[in-house]
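*Asks:* To start, I am sharing the structure in question, which I have written as structure tokens.
The values are calculated or read from the model by the stated rules, or taken from the named source; none is laboratory data. Quick caveat, the model's predicted, so the values are computed rather than measured. In this analysis, Cβ positions are derived from the backbone assuming ideal geometry, glycine residues included, and neighbour counts consider all displayed protein chains.
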Amino acid sequence: MVEFAFSVSHGEGQMSGPQCCENPPALNPESGSGHVEKVGGLDAYVSGSPDSKLCVLLISDIFVHLFYSQDKGYEDTKPVLEAIKSKGITAIGAAGMCWGAKVVGELSKEELIQAAVMLHPSFVTVDDIKGGKVPIAILGAEFDNMSPPSLLKQFEEILASKPEARICFCNSTSVNSYVKIFPKVSHGWTVRYNTDDTEAVKAAEEAHKEMLDWFVTYIK
């Protein structure tokens, strides 16, 4: 599987909340085994086998752009998807962190991807969840002002009410909707955490594994 990580262009739009800007990530210039290239007009970090027919698209959080135009972010992503498909990719999953989850939600409405994961989503509404048409996993935090547990519970109810949906709170792989609220963590915990904090690392790695497991199940 090949991985494309990129940031959508920004414009005037909704400003992220204070939690979105807390705990800037610690960057390690020696990490990673990929490279940066232009994909659909945007700079993307690409890793994985160049011969793979499967792809995971990662759409970043607030620490790339301070303002997010939902419509522009979605429009900027479409040529990226076309460029990926032109490389022979036949199945695409997309994961969005923070406001990147909003873009993922829009992609799922139009079935431009085959599976979606939202991690501590921002600006995602109940209507977005109602409109989703692909298998979706939502990984939320106990302490999150952008998507509090009460809102995630509404997402659960919507997904469970869809005729074609089965919702899961376990590790089963025979489902197409999954919602989990991680205890004792805050917004951004999957990408912005103290690597010296054992519990923080454990929670982040658990979320990473669940994201990957979701894509292994549905991106084939």
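*Asks:* Hey, among the residues in the stretch 82-106 that are under 25 Å from Phe182 (Cβ atoms) and out of contact with any strand residue (DSSP E or B) (no Cβ under 6 Å at 6 or more places or on another chain), which one's surrounded by the most Cβ atoms within 10 Å (Cβ to Cβ)? Full working, then the answer.
*Replies:* The initial filter retains those residues of the stretch 82-106 that are under 25 Å from Phe182 (Cβ atoms), namely 93-106.
Right, trim to out of contact with any strand residue (DSSP E or B) (no Cβ under 6 Å at 6 or more places or on another chain) and you get 98, 102, 105-106.
Values: Cys98: 31, Lys102: 25, Gly105: 26, Glu106: 22.
Looking at residues that are under 25 Å from Phe182 (Cβ atoms) and out of contact with any strand residue (DSSP E or B) (no Cβ under 6 Å at 6 or more places or on another chain), I get Cys98.
*Asks:* Restricting to the stretch 178-199, what's the tally of residues that are modelled with pLDDT of 90 or more and either among the small types (Gly, Ala, Ser) or part of a strand (DSSP E or B) (or both)?
*Replies:* Going through the stretch 178-199 one residue at a time, the tally reaches 8.
*Asks:* Please specify each residue of the stretch 94-108 satisfying the condition of being farther than 17 Å from Gly131 by Cα and in contact with a His (Cβ under 8 Å, 6 or more places away or on another chain).
*Replies:* Met97, Cys98
*Asks:* Ok, one more. Report the residue count in the stretch 105-141 for those that are under 13 Å from the mean Cα position of the chain (by Cα), in a strand (DSSP E or B) and among the hydrophobic types (A, V, I, L, M, F, W, C).
*Replies:* 9
*Asks:* Pro149 - would you say it is modelled with pLDDT of 90 or more and under 24 Å from His187 (Cα atoms)?
*Replies:* Values: modelled with pLDDT of 90 or more: yes; under 24 Å from His187 (Cα atoms): yes.
Yes, satisfied.
*Asks:* Continuing with this model, one more query. Quick one: in the stretch 107-120, which of the residues that are in contact (Cβ under 8 Å) with a residue 24 or more places away in the chain and surrounded by fewer than 22 Cβ atoms within 10 Å (Cβ to Cβ) is nearest to Ala91 (Cα to Cα)? Full working, then the answer.
*Replies:* Narrowing the stretch 107-120 to residues in contact (Cβ under 8 Å) with a residue 24 or more places away in the chain: 107-109, 112-115, 117, 119-120.
Those left that are additionally surrounded by fewer than 22 Cβ atoms within 10 Å (Cβ to Cβ): 109, 112, 114.
Values: Lys109: 16, Leu112: 10, Gln114: 6 Å.
Per the stated criteria, the residue is Gln114.
*Asks:* Quick one: count up the residues across the stretch 181-220 that are surrounded by fewer than 17 Cβ atoms within 10 Å (Cβ to Cβ) and in contact with an Asp or Glu (Cβ under 7 Å, 6 or more places away or on another chain).
*Replies:* Filtering the stretch 181-220 for residues surrounded by fewer than 17 Cβ atoms within 10 Å (Cβ to Cβ) gives 183-184, 194-199, 201-202, 205-206, 208-209, 212-213, 216, 220.
Okay, now just the ones that are also in contact with an Asp or Glu (Cβ under 7 Å, 6 or more places away or on another chain), so 183-184.
The number of residues fulfilling the criteria is 2.
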